[in-house]
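In what follows, a single structure is set out as structure tokens and then discussed.
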Amino acid sequence: MKFKIIWLLFPLLAWRAAALAQSPAAEWTLEEAISHWQPMVRPVQHVGVPGYPFQAAVLWDGALVFGPLDFRQLKVMQEEIASLGDNLLHLSFAHGDPPRFLDRRGSGSPALRRFLELGRLPIPHVVARCIGLEWDERVFAHLLGRPLDRHPEPRPDDLLVVQASFTAYNPGPGKRTGRLWMHFGDTSAIQLGYKCAQKEEPAPAIAHRYEAPLGLVGDQVRYLLPKPAKGELRWHDEIPALAGAGEKTAALKAVIEWAVPLDPGERASLRLSIPYGLISRKVAGDLLSADPERDYEAVRKFWFDLEHGAGQIITPDAFVNDYLAAVAGQMAQQVAFRPRSRVWMYKTSPNHYEGYWPCNAAKALPALDFRGLTHLSRPVLRSFVEQQSDDVRGMDKGVLGRDEGLAGEGYAKAHGFLGNFGEWTANPLLLSHGLGMWALATHYRITRDDQWLGSGPGSPLRAMIEAFDWVVLQRRRTKREVDGKKVAHWGLLPAASAHDWLAGNTIFNDAFCAYGMAEVLRLLREINHPRAEELARELADYRACIHDRYAEARDRARPVPLPDGTAIPYVPRMVQELDWAKLDWTYTGYGPLRAGAWGALDPKDPLVDQALAFLEAGMPKGQGAYFSAHQAALAEAGGRRPAADANWADISDPQAQRHWLWRHYVEYETMWPIGGPLFLARDDLPRFFEWLFHNLAAAIHRDWRVGVESLDGVPSCAPGDGERWQCLRKMFVHEYGGWDGSKQLLGLLQALPRSWLKPGDRLAVRDLPTTFGGRVTLEVNIAPGGNAVRILAEWRDFKTLPRAIRMRLRSGDGRSLRSAKVNGEDANVLEGDLIELPVTESDQHRIVGRFE
């Protein structure tokens, strides 16, 4: 069948066109987006401290898990965990008499409620309601005998301690006896990987015994359970199978029960202390003599102070405010030092396999810098510099560095590669190289710390230039011809691993390398480096090659058929992969859009338009990538609430005429969001708000304010929370443009949704660092009638000036900006509700915008 190819800017399906034809005030809201998603049902919250290499997991039902669960076969991991002993532990809690587990599977049971302290501190609570009683489990982590330090300096003898307290409460009119049952199992019944799962059948018990107040494994201490002020602790060699534990569950062994009588309105508490690993009786004595409530107050103050420093963002939405504040603590817990390897990392999959993805760390780190937490990002960046090498670790051989005979030019052995962290490296990637450059350059542009930047051997500046030169050298290898014709990837980087099962000449890899190079070039221009213009020519050539090679690939690729018999062009993710039916749902499937979001292509280039049109049009029935995870989620539910994978049923239905790779611009793997950065770069507010609110609705556990990799998947997974926070920041303060490494513009209040601009609403960013150096404060107040907006805008100490400063003044009801005054003087109103402000190093402006 022949198709007429339509080369339109935005060929959209009818439903899409109708959505965009709504009145200006018709925007998505968070409440509306929430109603379109089956919520996640398996939240996991980690507890740890900055700098310590491991964290413990708190599951949705209050169970505690101590890992790491995987990668233990690696030599580097074995060296790191050797001092912990046999620390693997899955501690489950049951309630009542007879005892029952309330929701081991994770089905959103109403008997369980979860929250963080103050809605944002990484001190989780799980409240269970069972047989007329309430049980509040509170968990936090600290170092034994050491206060938490804002500038973590790990010591060889550091011991992480997880404190779990249980408060039983009788809200009823009569006396009741509460019963809490503790089962100390191994980790064979838990999964914290790509998906989180807990078997209904508890794992076999570890070989422990209880000699009050010590829980012993051999002659070492695994936990401390002191006698409570009220109630009795009882050891049970065996108890019958529990309700809620699955039909195949045998009797549970080595169980401890706390039985506590409670009068009406009475509360009673139990303390359980679990070190991260086995300890001696002497160390246990030190832990036993510590005051857990004093430790709790100190930990609470530490997290409160950390989350209430620079870079605060305030909106009219309490949940969004809590989430924005919580990200700093969630991220800080994953900044880890590996003492045997002497490597700092921002971890990707805590408590699970813990292999390192440097690209994930690099992409998230600026979120810490923008919050004024440079003391946490800087050690991680230092390891990028220290690990820089001439070894690509098999990246050019196949996926995950395996030797699969990947065809390509290979890589010249030259110092400069930023993606090799030795055996810790989960997958050697060009992505890590490009984003390593970007994170290093962005850190300097935020902090303007010349002493940190340096210039000599081993300095971050030298590392960035060598990384830039490394790309230039490797690109020369592909500038070759075969039979008088340029190869399809001429001027791109040689073939390399791209994700767990894709390798080749992918736009994913080239785009992020060009992105990192542009940020390095911008830095070099700002410090007047003598090589800046030389490297500018190299970057211009690289960006041109990316554009031209993918335009050529588009022209060779199979068009995408539409229902009306026409077709639209397909821009591939890899120059040799010309059939859209070969796509999968991973990060690389959106490759051309990522190139536009991050400036390897101009965000409004026709290639980006066409890639967006393809993803909005979807794929014909029976062709392309289908999901299957939603089918498993529905089957597993068995009449109960299914896991959140069920959300993909409507976009990946094999019986539907078309299917898609995303839902409301939310990807299946949510930790690398593309919609937010892309639509902000394109200044496409309708699509941005659709992405924003659906991402917030779908990809975050609302109770514990933590994002995931895929729905109901691994928690605290870099770079998702850091990336999402940066997108929300850009709504208020956005450095953009200059995709070729030239000066950027500063956008203020670019993308405030109308649902946040109702009469009386207030918004703010306070003391927010920028990549121009200096900081910005904005206070936004909507007049009671909604006819005006009043803004106090202040910035100070810009070290380099933006090309322009533009502010958008939006109304809450869709009306356009009619007039504006800056410091009492009339200002020109530009298209798009914009005004321009003077470009100065420091300034303060009082702005009034009117919509009537």
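Just the residues that are in a loop (DSSP other than H, G, I, E, B) and over 9 Å from TYR356 (Cα atoms), please, taken from region 414-430.
Step one: filter region 414-430 for residues in a loop (DSSP other than H, G, I, E, B), giving 414-416, 418-421, 426-429.
Within region 414-430, ALA414, HIS415, GLY416, LEU418, GLY419, ASN420, PRO428, LEU429 qualify.
Applying the selection to region 184-206, what residues are over 23 Å from the mean Cα position of the chain (by Cα) and assigned to a loop (DSSP other than H, G, I, E, B)?
Scanning region 184-206 gives ASP186, THR187, SER188, ALA189, LYS199, GLU200, GLU201, PRO202, ALA203, PRO204, ILE206.
Report whether or not LEU752 is among the aliphatic types (A, V, I, L, M), within 30 Å of VAL520 (Cβ to Cβ) and surrounded by 15 or more Cβ atoms within 10 Å (Cβ to Cβ).
Working: among the aliphatic types (A, V, I, L, M): yes; within 30 Å of VAL520 (Cβ to Cβ): no; surrounded by 15 or more Cβ atoms within 10 Å (Cβ to Cβ): yes.
Here the answer is no, as LEU752 does not meet what is asked.
Could you tell me whether LEU746 is touching a residue at least 60 places away in the same chain (Cβ under 8 Å), of a type outside the set (Asp, Glu), open to solvent by less than 10 Å² (accessible area, probe 1.4 Å) and within 24 Å of ALA310 (Cβ to Cβ)?
On the way: touching a residue at least 60 places away in the same chain (Cβ under 8 Å): yes; of a type outside the set (Asp, Glu): yes; open to solvent by less than 10 Å² (accessible area, probe 1.4 Å): yes; within 24 Å of ALA310 (Cβ to Cβ): yes.
Here the answer is yes, as LEU746 does meet what is asked.
Are there any pairs with C-beta distances below 6 angstrom linking a residue in region 261-285 that is in contact (Cβ under 8 Å) with a residue 60 or more places away in the chain to a residue that is hydroxyl-bearing (Ser, Thr, Tyr), with the two at least 6 apart or on different chains, and if so which?
Within 6 Å, the pairs are PRO261/THR177; ARG267/THR167; ARG267/TYR169; SER269/SER165; SER269/THR167; ARG271/SER165; ILE274/TYR223.
In region 448-478, what count of residues is obtained for those that are touching a strand residue (DSSP E or B) at 6+ places or on another chain (Cβ under 8 Å) and of a type outside the set (Phe, Trp, Tyr)?
Residues that pass the stated criteria total 1.
Being touching a residue at least 24 places away in the same chain (Cβ under 8 Å), touching a helix residue (DSSP H, G or I) at 6+ places or on another chain (Cβ under 6 Å) and small (Gly, Ala, Ser) is the requirement here; does SER455 meet it? It would help to see each step written out before you state the result.
Details: touching a residue at least 24 places away in the same chain (Cβ under 8 Å): no; touching a helix residue (DSSP H, G or I) at 6+ places or on another chain (Cβ under 6 Å): yes; small (Gly, Ala, Ser): yes.
Answer is no for this residue.
Kindly check whether there is at least one residue in region 65-86 that is aromatic (Phe, Trp, Tyr), modelled with pLDDT under 95 and farther than 30 Å from GLN163 by Cα.
Start the filter on region 65-86 by keeping residues that are aromatic (Phe, Trp, Tyr), which leaves 66, 71.
So of that shortlist, the ones also modelled with pLDDT under 95 come out as 71.
Checking the rest, the ones that are also farther than 30 Å from GLN163 by Cα come to none.
No, region 65-86 contains no residue that is aromatic (Phe, Trp, Tyr), modelled with pLDDT under 95 and farther than 30 Å from GLN163 by Cα.
Considering only region 110-139, state which residues are buried (at least 17 other Cβ atoms within 10 Å of the Cβ) and at pLDDT below 95.
CYS130
Name the single residue that is nearest to LEU523 (Cα to Cα) among those in region 788-806 being open to solvent by less than 50 Å² (accessible area, probe 1.4 Å) and either assigned to a loop (DSSP other than H, G, I, E, B) or modelled with pLDDT under 95 (or both).
Among those that are open to solvent by less than 50 Å² (accessible area, probe 1.4 Å) and either assigned to a loop (DSSP other than H, G, I, E, B) or modelled with pLDDT under 95 (or both), it is THR800.
Output the residue which, of all residues in region 757-772 that are assigned to a strand (DSSP E or B) and open to solvent by less than 30 Å² (accessible area, probe 1.4 Å), is nearest to ASP813 (Cα to Cα). I'd like the intermediate steps shown before the answer.
Just the residues of region 757-772 that are assigned to a strand (DSSP E or B), to begin with: 762-769.
So of that shortlist, the ones also open to solvent by less than 30 Å² (accessible area, probe 1.4 Å) come out as 763-765, 768-769.
Values: LEU763: 17, ALA764: 20, VAL765: 23, LEU768: 28, PRO769: 31 Å.
So, considering only residues that are assigned to a strand (DSSP E or B) and open to solvent by less than 30 Å² (accessible area, probe 1.4 Å), the one nearest to ASP813 (Cα to Cα) is LEU763.
Among GLY215, GLY231, which is over 25 Å from LEU143 (Cβ atoms) and surrounded by 19 or more Cβ atoms within 10 Å (Cβ to Cβ)? Spell out the reasoning first.
Numbers: GLY215 fails: over 25 Å from LEU143 (Cβ atoms).
Going through GLY215, GLY231 in turn, the sole match is GLY231.
Going through region 198-209 one residue at a time, which ones are open to solvent by less than 30 Å² (accessible area, probe 1.4 Å) and of a type in the set (Gly, Ala, Ser)?
Answer for region 198-209, where residues must be open to solvent by less than 30 Å² (accessible area, probe 1.4 Å) and of a type in the set (Gly, Ala, Ser): just ALA203.
May I ask you to list the residues in region 131-152 that are farther than 21 Å from GLN45 by Cβ and of a type outside the set (Asp, Glu)?
Filtering region 131-152 for residues farther than 21 Å from GLN45 by Cβ gives 131-133, 144-147, 149-151.
If the condition is that a residue be farther than 21 Å from GLN45 by Cβ and of a type outside the set (Asp, Glu), then ILE131, GLY132, LEU133, LEU144, GLY145, ARG146, PRO147, ARG150, HIS151 are the ones that fit.
Looking only at region 807-846, filter to residues that are in a strand (DSSP E or B) and open to solvent by 80 Å² or more (accessible area, probe 1.4 Å); which one of those is nearest to VAL776 (Cα to Cα)? Before the answer, list the steps.
Going residue by residue through region 807-846, those that are in a strand (DSSP E or B) are 807-808, 819-822, 825-827, 830, 834-837, 843-846.
Keeping just the survivors that are open to solvent by 80 Å² or more (accessible area, probe 1.4 Å) gives 821, 825-826, 836, 844, 846.
Working: LYS821: 20, GLU825: 22, ASP826: 23, GLU836: 16, GLN844: 10, ARG846: 14 Å.
Applying the filter and picking the extreme gives GLN844.
Tell me yes or no: at least one residue of region 656-665 is hydroxyl-bearing (Ser, Thr, Tyr) and either at pLDDT 90 or above or open to solvent by 10 Å² or more (accessible area, probe 1.4 Å) (or both).
Taking region 656-665 and keeping what is hydroxyl-bearing (Ser, Thr, Tyr), we get 665.
So of that shortlist, the ones also either at pLDDT 90 or above or open to solvent by 10 Å² or more (accessible area, probe 1.4 Å) (or both) come out as 665.
Scanning region 656-665 turns up at least one residue that is hydroxyl-bearing (Ser, Thr, Tyr) and either at pLDDT 90 or above or open to solvent by 10 Å² or more (accessible area, probe 1.4 Å) (or both).
Looking only at region 435-449, decide whether some residue is touching a Lys or Arg at 6+ places or on another chain (Cβ under 6 Å) and either closer than 27 Å to ASP721 by Cβ or of a type in the set (Lys, Arg) (or both).
The first filter runs over region 435-449 and keeps only residues touching a Lys or Arg at 6+ places or on another chain (Cβ under 6 Å), leaving 435, 448.
The next check asks that each one be either closer than 27 Å to ASP721 by Cβ or of a type in the set (Lys, Arg) (or both); those that pass are 435, 448.
Checked against the condition, which is being touching a Lys or Arg at 6+ places or on another chain (Cβ under 6 Å) and either closer than 27 Å to ASP721 by Cβ or of a type in the set (Lys, Arg) (or both), region 435-449 yields at least one hit.
Quick test of your reading of the structure: ALA498 fulfils all but one of (1) touching a Gly at 6+ places or on another chain (Cβ under 6 Å); (2) in a strand (DSSP E or B). Name the failing condition by number.
(1)
Looking at (1) part of a loop (DSSP other than H, G, I, E, B); (2) in contact with a Gly (Cβ under 8 Å, 6 or more places away or on another chain); (3) under 30 Å from ALA544 (Cβ atoms), can you tell me which one ARG641 breaks?
If we test ARG641 against (1) part of a loop (DSSP other than H, G, I, E, B); (2) in contact with a Gly (Cβ under 8 Å, 6 or more places away or on another chain); (3) under 30 Å from ALA544 (Cβ atoms), just (3) comes out false.
Has region 529-551 got any residue that is under 23 Å from LEU461 (Cα atoms), open to solvent by less than 10 Å² (accessible area, probe 1.4 Å) and β-branched (Val, Ile, Thr)? Walk me through how you get there before you give the answer.
Of the residues in region 529-551, the ones under 23 Å from LEU461 (Cα atoms) are 529-543.
Next, only the ones that are open to solvent by less than 10 Å² (accessible area, probe 1.4 Å) stay: 532, 535, 539, 542.
Still in the running and β-branched (Val, Ile, Thr): none.
The answer is no; no qualifying residue exists.
Would you point out the residue of region 552-576, among those that are among the charged types (D, E, K, R) and open to solvent by 20 Å² or more (accessible area, probe 1.4 Å), that is farthest from ARG658 (Cα to Cα)?
Going through region 552-576, the residues among the charged types (D, E, K, R) turn out to be 552, 554-556, 558, 564, 573.
Now narrow it down to the ones that are open to solvent by 20 Å² or more (accessible area, probe 1.4 Å): 552, 554-556, 558, 564.
On the way: GLU552: 27, ARG554: 22, ASP555: 23, ARG556: 23, ARG558: 17, ASP564: 13 Å.
Taking the candidates together, the pick is GLU552.
Yes/no matrix, rows are residues, columns are (1) of a type outside the set (Phe, Trp, Tyr); (2) in contact (Cβ under 8 Å) with a residue 60 or more places away in the chain; (3) touching a strand residue (DSSP E or B) at 6+ places or on another chain (Cβ under 8 Å):
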{"position": "GLY622", "(1), (2), (3)": "yes, no, no"}
{"position": "TRP660", "(1), (2), (3)": "no, no, yes"}
{"position": "ASP683", "(1), (2), (3)": "yes, yes, no"}
{"position": "LEU692", "(1), (2), (3)": "yes, yes, no"}
{"position": "ILE700", "(1), (2), (3)": "yes, yes, yes"}
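For region 781-827, give me the residue count where each residue is closer than 19 Å to VAL765 by Cα and among the acidic types (Asp, Glu).
2
Hey, could you check region 393-451 for residues that are closer than 30 Å to VAL776 by Cβ and of a type in the set (Lys, Arg) and say which is surrounded by the most Cβ atoms within 10 Å (Cβ to Cβ)?
ARG445
Considering only residues that are out of contact with any strand residue (DSSP E or B) (no Cβ under 8 Å at 6 or more places or on another chain) and of a type in the set (Val, Ile, Thr), which ones fall in region 702-717?
Residues of region 702-717 that are out of contact with any strand residue (DSSP E or B) (no Cβ under 8 Å at 6 or more places or on another chain), as a first pass: 702, 711.
None - no residue of region 702-717 is out of contact with any strand residue (DSSP E or B) (no Cβ under 8 Å at 6 or more places or on another chain) and of a type in the set (Val, Ile, Thr), so the list stays empty.
With the structure loaded, tell me whether ASN787 is farther than 30 Å from GLU519 by Cβ, touching an Asp or Glu at 6+ places or on another chain (Cβ under 7 Å) and of a type in the set (S, T, N, Q) or whether it fails that test.
Working: farther than 30 Å from GLU519 by Cβ: yes; touching an Asp or Glu at 6+ places or on another chain (Cβ under 7 Å): yes; of a type in the set (S, T, N, Q): yes.
For ASN787, the condition - farther than 30 Å from GLU519 by Cβ, touching an Asp or Glu at 6+ places or on another chain (Cβ under 7 Å) and of a type in the set (S, T, N, Q) - is met.
The values are calculated or read from the model by the stated rules, or taken from the named source; none is laboratory data. Since the structure is predicted, the reported quantities are computational estimates derived from the model, not experimental observations. As a convention, Cβ positions derive from the backbone with ideal geometry for all residues, glycine included, and neighbour counts pool all protein chains shown. Only protein heavy atoms, including side chains, enter the accessible area calculation; ligands, DNA and RNA are left aside. Shrake-Rupley method; radii C 1.70, N 1.55, O 1.52, S 1.80 Å.
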